[in-house]
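Below: the structure, in structure tokens.
The values are calculated or read from the model by the stated rules, or taken from the named source; none is laboratory data. No experiment lies behind these values; they were computed from the predicted model shown. Here the Cβ positions follow ideal geometry from the backbone for every residue, glycine too, while neighbour counts run over all protein chains shown. Heavy atoms of the whole protein, side chains included, go into the accessibility calculation; ligands, DNA and RNA do not. Shrake-Rupley method; radii C 1.70, N 1.55, O 1.52, S 1.80 Å.
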Amino acid sequence: MSARPRSGLAAVAPFLWLGVFFLFPFFLVAKLSLSDTALAMPPYAPRVDWSAGFEGVRAFFAALDFETYARLTSDSLYIAAYLSSLKFAAVATSLLLIIGYPIAYGMSRFPPAQRQALLMAVILPFWTSFLIRVYAWIAVLKPQGLLNAALAQVGLGPLNILNTDTAVYIGLVYAYLPFMVLPLYAVLEKQDQSQLEAAADLGCTPSQAFWRVTFPLSLPGVAAGALLCFIPMVGEFVIPDLLGGSGTLMLGKTIWTEFFSNRDWPAASAVAIVLLATLVIPILLYQRQQQKMIEAAQ
Amino acid sequence: MTTTRRPRLNIGAVRSSFAPWTDPALEPLVRFEGVTKRFGAETAVNDVSLSIYESEFFALLGPSGCGKTTLMRLLAGFETPDAGRITLAGQDLAGMPPHQRPVNMMFQSYALFPHLSVEQNIAFGLKQQGMPKGQIADRVVEMLELVRLGGLARRKPHQLSGGQRQRVALARAIAPNPKMLLLDEPLAALDKKLREETQFELIALQQRLGMTFLIVTHDQEEAMVTADRIAVMREGQIVQIGRPAEVYETPNSRYVADFIGDVNLFEGAVTAADGKVVKMATADCPAGFEALEDDAVSVGSTAWLGVRPEKIQLHLDPPKEGPNRLAGKVADYGYLGDWTTYVVELESGRTVRAARANASRLVARPIACDDAVWLTFAPDAAVVLTR
Amino acid sequence: MSVWRKRLSAAALGVTALVLAACGKGGAETLHIYNWSDYIDPAILTDFTKETGIKVVYDTFDSNEVLETKVLQGNTGYDLVVPSNHNVPRYIAAGAIQPLDKTKLTGLANLWPDIMAYMEPFDPGAKYAVPYMWGTIGIGYNKDAIAKRLPGVAIDSWDIVFKPENLAKLKDCGVYWLDASEDMYAVALNYLGKNPNSTDLSDYQAATDMFLKARPYVRKFHSSESIEALANGDICVAIGYSGDMLQAKSRAVEAGDKVHLDYVVPKEGSQVWFDVFAIPKDAPNAAAAYKFLDYMLRPEVIARASTFTEYANANKAATALVDPAVRDNPNVYPTSDQLLTLFVTAAKEQPLLRDVNRQWTRVQTGQ
């Protein structure tokens, strides 16, 4: 089906949305990242002096500079935070795939009526506040927590998991699991059972059929799930802050420190801009993947 | 207006000399022995015994839900029988998973692998067999030629037309050179014209390969055109097996007579039966019915006379009195180009269908509705059915 | 600078609103207060409303950084905020808070001159702020756990939490440090015999080196979780604020007295901090804020507040009215000898602050 020419509001709405909720804030942040800190309300300079007219605007632009970015590159702490964030996101994404795939696969093999219930079970945690759920993990993982109490019952432990990278991985995997399971389930559920029968008929054992047919066909879901998890995890703040240790170095925390502790809004903005730039590639990949899935579904 | 299906008989397919089932010494390729399959309370296949021979083109024919597809899936290994046994080339298939069975299936939905190109689809089974790469390539080319898809090797399934996909599915199932090819409603998704063409291609292919084909279809025309033998199924059981002409001309029940082609059925009491001719009393003809029938029919029992529309003659002037003579008026007719089917309403109120070949372009005296007509048929045109 | 309550939001961006509208007169005046969580006796607010008819909307935060970021952004809608002493100069410089009209504050005479002297560097002439509570930074610890691991060692020195040989023995039972760079550097500089208000970056580097040697034994840097962790026995020692550590102690007692905690201000000396009331420049109802400030300057009211929070106040006239259990605790109201070892920290220039914070991040991450 060819696209109908759109007119009026329908044609403008997506751009309006993009402009108001993405481009405008983006330019604000970009502008902030080129400013300097100052003791003022709000705590940065320059600000446009509208009373000076054109001269004021010119002075404003003249005062913007890339000094903050220069500082980012000169301080190894930022680079370390970037690499560490990417590592956390990459490892957690792999773990999510390893855990999420069998769950999604299992769900898709249930009769349709029960699938609805299982789907509900995956979505159910969203009904509780995200923060409460992360706090619940503190109660489980802390030294005198539920996990160690259970381990003590069988004569093991105690394990010191809270405030370590392990706890961060547990939190990330837990919080993002639905975002991995749902896209995977969506592709696996659509799979034509007769394709599996055809594979068996052509000599595949069940596991060969999985690797030669089911898995390659689920790759769009794998890509969608992985990107859907990876992108927000790079900038994740709450989970590393609550479950991580002091040594857990992630960009979300770096931005927080710059913004609050250092009151350095330009630096926080610059880190955020660089983070966005790093994520543009996976975001574009995700968009393309979505486009492909939509086309394939037609 | 009513239309009627036009059975086509003996077009190319039937090799009258090919009749391995008549040779008691010959071991069948496939043997179903008392096979039963239940799904919950439903019995999909009920105590079916059936033999299919090497190089035979065999059709399982019946309406949807009659168990024909289940019977095929039992052979492919996708279902496990609850009772009975299935052997292939003398080997019991019990417990053998689908991937080890030397049969291949062409699925009704084709079940092509969407992520693989045409050639990769065809090579799929060959790779599983562990065939060397070079041989696979040769075999794929051979298959592509066989199904005339030479230029499309690198296309993905979604870039093909319905007919092309059908041929990829066929090539993919044939490529591993199975002992037997199973075709589940292979032509159902094609439009009429393409379906008719493809029927003949299937026959040509089967004869060229010498492979045993088992086709499942609900389309009696498809079964009759393609198959050496047809098994008509009803409610999980086989009601008749025979060559297409046998099944058509000598159905063993009202069900078969009615399912294959059109038939007029007259109920009546048997008044005489001498092993050659059966006579029946009927309100529609004072002289009664007469039919050639060498099977034993007991006098006094109720029987049905089956007469195909094309075997009934239509008269505008009253023929002489005698058996197998009916009087009525034209209630409706359908002009089909080559044939015209007339629906004649008898004095009793029941309707009879009669077909007439349009042998000449100009009809001297056209027949119109409400015209008084007479119908007659020869004793050897009718068949006596007792069930 | 207190954080003594269960923290429920990571960045404390979710602010809980406690609306006290006991007597809802139509069109009643409203006072918006933004204070540290669990930092006031709610009865004081209801009494204030009863007396004045002013409805109080009381929101809470849990870090100076959050407060300052909001106030410097402007348009918070708050009439009264409670920053800590060393942040006040930045508020003044940025023009974020308004000078007080002292004619509206009849109770100013009740303030404690000795303590007010500490405030002088931050708010010369007490033009902008009225002190609420004050306290110290020290060591909260589990008496039994420490005695077992450091037998015969007196718990009266920063050595306990800064010397690697001591920390090595405590690692298994859990050590928390404050996550507050300026406070930590101040006590560390003082401990190393340097000026806690040094502007020399090399002094800070020396403190960083000391921190890094001790860091492997520190389980977590956090400013508020230590209360709960100490109280239920998850950790055995923490650097923390006096009120927090004493709160942990009373919680442990309430929880069945299985964990025995104590708080000490080390003999080397420590930092004194103040939380002060200030009126934002754009306060919608400054008049109500003045009424509340004057109310809080009444000795009987602020004494009640101290009894509730277990922090000292800066109201000389109120000391006698505070519950003796609080008043006579030298960890709350230090002795005159102890007072001599205490110091305050000054606000840092932005470049120095940034460098110090950067060093602190290195300490935390061990990079």
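Can you compute the FRET efficiency between residue B:38 and residue A:190 using 1/(1 + (r/R0)^6), with r the Cβ-Cβ distance and R0 = 30 Å? Round to the nearest 0.05. In this case the efficiency is close to 0.50. Estimated from helices alone, the mean residue ellipticity of chain C at 222 nm is -11500 deg cm²/dmol (sum of -39500 (n - 2.57) over DSSP H runs with n ≥ 4, per residue). Inter-chain Cβ neighbour count for A:40-51, averaged per residue, equals 3 (cutoff 10 Å, partner chain atoms only).
The slack between residue A:94 and residue A:113, meaning 0.36 nm per residue of separation minus the straight C-alpha distance, is 3.8 nm. Residues of the range A:24-39 falling in the label zone of residue A:45, defined by backbone nitrogen less than 19 Å from a point 7 Å along Cα to beta-carbon, are A:31-39. Give, to the nearest whole percent, the P(r) tail of the range C:26-128 beyond 15 angstrom, counting all Cα pairs. That fraction is 70 percent. Using the empirical formula 2.2 N^0.38 Å as the baseline, the Cα radius of gyration of the protein assembly as shown reaches a ratio of 1.48. Of the trypsin sites (Lys or Arg not before Pro) in the range B:316-375, the ones in a loop by DSSP (not H, G, I, E or B) with at most 13 other beta carbons within 10 Å are B:320, B:361. Estimated from the Cβ-Cβ distance and a Förster radius of 41 angstrom, the FRET efficiency linking residue B:361 and residue B:189 is about 0.65.
Other protein chain C-beta atoms within 10 Å of residue C-beta, averaged over A:260-270: 5. Working note: Cα gyration tensor of chain A, eigenvalues times five, square-rooted, sorted largest first, giving semi-axes of 42, 30, 16 Å. Per-residue mean of foreign Cβ neighbours for C:197-206 is 0 (Cβ atoms of other chains, 10 Å radius).
For a paramagnetic label modelled on residue A:152 (point 7 Å from Cα along Cα→Cβ), amide N atoms under 18 Å away belong, within the range C:135-149, to C:142-146.
Compute the helix-to-body angle for C:64-73: its Cα long axis versus the longest principal axis of chain C, expressed 0 to 90° and rounded to tens. That helix lies at roughly 40 degrees to the long axis.
At q = 0.17, 0.20, 0.21 Å⁻¹ the log10 of I(q)/I(0) for the range A:6-65 amounts to -0.70, -0.81, -0.85, computed by Debye summation with a single uniform scatterer per C-alpha, solvent ignored. Give, as ranges by residue number, the residues of the range C:181-205 whose backbone N falls under 19 Å from the point 7 Å along Cα→Cβ of residue C:212. Label zone hits: C:181-182, C:184-186, C:188-189, C:192, C:200-205. Take chain B, mark every one of the GluC sites (Glu not before Pro) that falls in a DSSP loop and has at most 15 other Cβ within 10 Å, then report the longest stretch left between them, sites excluded. Looking at chain B, B:1-234 is the longest stretch - no exposed GluC sites (Glu not before Pro) with at most 15 other Cβ atoms within 10 Å. For the cross-link pairs C:143/C:213; A:87/A:253; A:190/B:179; B:37/B:68, the ones whose C-alpha atoms lie over 21 Å apart are C:143/C:213; A:190/B:179. Placing +1 on the Cβ of every Lys and Arg and -1 on the Cβ of every Asp and Glu, with nothing else charged, gives the protein assembly as shown a dipole about its Cα centre of roughly 1160 debye. Rounded to the nearest 10 degrees, the angle from helix C:299-309 to the longest Cα principal axis of chain C is 40 degrees.
Of all the options A:245, A:225, A:19, the one that moves most in a Gaussian network model of chain A with Cα springs shorter than 10 angstrom is A:19. For the range B:262-385, with all protein chains in place and a probe radius of 1.4 Å, 51% of the accessible heavy-atom surface sits on carbon or sulfur. Taking every DSSP beta bridge that has both ends in the protein assembly as shown, the antiparallel portion is near 75%. Annotation: residue B:31 carries an accessible surface of approximately 70 Å², with a 1.4 Å probe and no ligand, DNA or RNA atoms counted. Against the longest principal axis of chain B, how steep is helix B:133-146, in degrees 0 to 90 to the nearest 10, with axes from Cα atoms? Tilt relative to chain B: about 20 degrees. The simple Förster model, with R0 at 45 Å and r as the Cβ-Cβ distance, assigns residue B:317 and residue B:294 a FRET efficiency of 0.85. Semi-axis lengths, largest first, of the ellipsoid equivalent to chain C are 34, 23, 19 Å, with √(5λ) applied to each eigenvalue of the Cα gyration tensor. What relative contact order, as a whole-number percentage, does chain A give when Cα pairs under 8 Å and 6 or more residues apart are counted? Relative CO of chain A lands at 25 percent.
Of the trypsin sites (Lys or Arg not before Pro) found in the range C:108-151, those that fall in a DSSP loop while having at most 16 other beta-carbon atoms within 10 Å are C:127.
A 1.4 Å probe run over the range C:275-340, with the rest of the protein chains in place, finds 38 Å² accessible per residue. Based on Cα contacts under 8 Å between residues 6+ apart, chain C shows a relative contact order of 26 percent. For residue B:37, the residues 5 or more places off, or on other chains, whose built amide H falls under 5 Å of its own are B:44, B:45, B:46, B:47, B:82.
Three principal axis extents describe the C-alpha atoms of the range B:262-385; from largest down they are 46, 25, 23 Å. Can you give me the % of accessible surface on chain C that is carbon or sulfur? Probe 1.4 Å, all protein chains present, nothing else counted. Solvent-exposed carbon and sulfur of chain C make up 53 percent of the total.
Each label point was placed 7 Å from the Cα along the Cα-to-Cβ direction; for residue C:352 and residue B:137 their separation is 7.7 nm.
Mean residue ellipticity at 222 nm, helices only, chain A: -22500 deg cm²/dmol; runs of at least 4 DSSP H residues each add -39,500 (n - 2.57), and the sum is divided by the number of residues. Solvent-accessible surface of protein heavy atoms, probed at 1.4 angstrom with all chains present, puts B:311, C:70 in the order C:70, B:311, largest first. Both chains summed, the buried accessible area for A and C stands near 3400 Å², from protein heavy atoms and a 1.4 Å probe.
Of all stretches in chain C that contain no GluC sites (Glu not before Pro) in a DSSP loop with at most 15 other Cβ atoms within 10 Å, the longest one is C:30-348.
If you look at the Cα atoms of the range B:20-257, you get an Rg and a Dmax of 17.8, 56 Å.
Note on the range C:45-95 and the range B:15-70: Cα centroid distance 88 Å, given to the nearest whole angstrom.
Ranked by solvent-accessible area (1.4 Å probe, protein heavy atoms only, all chains present), the residues C:41, C:323 order from largest to smallest as C:323, C:41.
Packing, taken as the mean count of other beta carbons within 10 Å per residue, orders the peptides A:20-27, A:266-273 from highest to lowest as A:266-273, A:20-27.
Over the residues of chain B, the helix contribution to mean residue ellipticity at 222 nm works out to -6500 deg cm²/dmol, using -39500 (n - 2.57) for each DSSP H run of at least 4. Building the convex hull from the alpha-carbon atoms of the range B:12-96 and averaging its projection over directions returns 6.6 nm².
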